[in-house]
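Each remark here refers to the structure printed beneath this line.
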Amino acid sequence: MAKVSLILGKSGSGKSTSLRNFNPQDVALIQVIRKPLPFKDSNAWTPLISDDHNMIIRACMKTKRKIIIIDDFQYMLANEFMRRSAERGFDKFTEIGRHTWDVFDAMLKLPDDVRVYILSHTEETESGQIKMKTIGKMLDEKITLEGMVTIVLRSVVQDGQNFFSTRNNGSDTTKAPMGMFEDDLIDNDLAAVDAAICNYYAITQQAA
């Protein structure tokens, strides 16, 4: 089972910036929407651009790279919803929910030494809970996507600096295994997070 992590946060909170210290040759990057990465030398990255769930699954199953990053995941749901917005009834919500579950299920079934990072926006519920942004009630009522993974980090901005929150504050879905991270807030450096995960699970980091 692959180590699948969610990196959640508002737009501009440092999710994409957290890729800056990776070697692009070690990472299979999938961008659901095409956009420049927000750091210097980002032209060294050659992402796959796709919002099609089947293509995303096939690409992740095919790559030999041990680190997979899916950026702006929520647009996979939103784009399909917008393309199908003229459809009446609730079938589209059921199918979008199934497509989302299919991606998570396929990622979890990748080999044990693969690390998958799904970057996505957050939303606040009526009760004040901060969670992964989704489409429709099927995912919210039937499936808690955060419950399918062990690690959920939330990108936050404090005093003009970007951090990852590693511990639940009672109003969000942040979580990490006991002892993986010492501090409540860590630098928003996804390469450092990957190293911590490899150390915790005794995964040998190898270049692709």
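Which residue is surrounded by the fewest Cβ atoms within 10 Å (Cβ to Cβ), if the candidates are limited to segment 196-208 and must be among the β-branched types (Val, Ile, Thr) and in a loop (DSSP other than H, G, I, E, B)? Looking at the filtered set, the residue picked out is THR204. Looking only at segment 66-81, decide whether some residue is under 18 Å from SER5 (Cβ atoms) and among the hydroxyl-bearing types (Ser, Thr, Tyr). So far as segment 66-81 goes, no, none of its residues is under 18 Å from SER5 (Cβ atoms) and among the hydroxyl-bearing types (Ser, Thr, Tyr).
Which residues, counting only those in segment 14-48, are of a type in the set (D, E, K, R) and in contact with a Ser or Thr (Cβ under 7 Å, 6 or more places away or on another chain)? Break it down into steps so the answer makes sense when it comes.
Within segment 14-48, the first condition is being of a type in the set (D, E, K, R), and the residues that meet it are 15, 20, 26, 34-35, 40-41.
Result: LYS15, single match.
Can you say whether ILE186 is closer than 29 Å to THR134 by Cα and surrounded by 14 or more Cβ atoms within 10 Å (Cβ to Cβ), as far as the supplied structure shows? Before you say what the answer is, go through the steps one by one.
Values: closer than 29 Å to THR134 by Cα: yes; surrounded by 14 or more Cβ atoms within 10 Å (Cβ to Cβ): yes.
For ILE186, the condition - closer than 29 Å to THR134 by Cα and surrounded by 14 or more Cβ atoms within 10 Å (Cβ to Cβ) - is met.
When segment 104-139 is limited to residues that are part of a helix (DSSP H, G or I) and touching a strand residue (DSSP E or B) at 6+ places or on another chain (Cβ under 8 Å), the one that is surrounded by the most Cβ atoms within 10 Å (Cβ to Cβ) turns out to be MET107.
Taking into account only those residues within segment 36-55 that are out of contact with any strand residue (DSSP E or B) (no Cβ under 7 Å at 6 or more places or on another chain) and surrounded by 13 or more Cβ atoms within 10 Å (Cβ to Cβ), which is nearest to ASP102 (Cα to Cα)? Once the filter is applied, the top-ranked residue is HIS53. Of all residues in segment 56-75, those being out of contact with any strand residue (DSSP E or B) (no Cβ under 6 Å at 6 or more places or on another chain) and farther than 26 Å from ASP112 by Cβ number 2. Look at segment 197-208: where a residue is closer than 23 Å to LYS175 by Cβ and a partner is at pLDDT below 95, sitting 6+ places away or on another chain with Cβ atoms under 7 Å, you get CYS198/GLN205. Quick one: in segment 156-189, of everything that is in contact with a strand residue (DSSP E or B) (Cβ under 7 Å, 6 or more places away or on another chain) and of a type in the set (Val, Ile, Thr), which residue is farthest from GLU126 (Cα to Cα)? If we take residues in segment 156-189 being in contact with a strand residue (DSSP E or B) (Cβ under 7 Å, 6 or more places away or on another chain) and of a type in the set (Val, Ile, Thr), then ILE186 is farthest from GLU126 (Cα to Cα). Taking segment 66-103, which residues are buried (at least 17 other Cβ atoms within 10 Å of the Cβ) and among the basic types (Lys, Arg)? Listed by number, the residues that qualify are LYS66, LYS92.
Take the residues in segment 163-177 that are of a type outside the set (D, E, K, R) and modelled with pLDDT under 95; name whichever of them is nearest to PHE104 (Cα to Cα).
Of all residues in segment 163-177, those of a type outside the set (D, E, K, R) come to 163-166, 168-171, 173-174, 176-177.
Going one step further and asking which of them are modelled with pLDDT under 95, we end up with 168-171, 173.
Details: ASN168: 22, ASN169: 25, GLY170: 25, SER171: 24, THR173: 17 Å.
Ranking the candidates gives THR173 first.
Being in contact with an Asp or Glu (Cβ under 9 Å, 6 or more places away or on another chain), surrounded by fewer than 18 Cβ atoms within 10 Å (Cβ to Cβ) and modelled with pLDDT under 95 is a property that does not hold for LYS10.
The values are calculated or read from the model by the stated rules, or taken from the named source; none is laboratory data. Please read these numbers as outputs of a predicted model, since none were measured by experiment. Every residue, glycine as well, gets a Cβ built from its backbone with ideal geometry; the counts of neighbours run over all protein chains shown.
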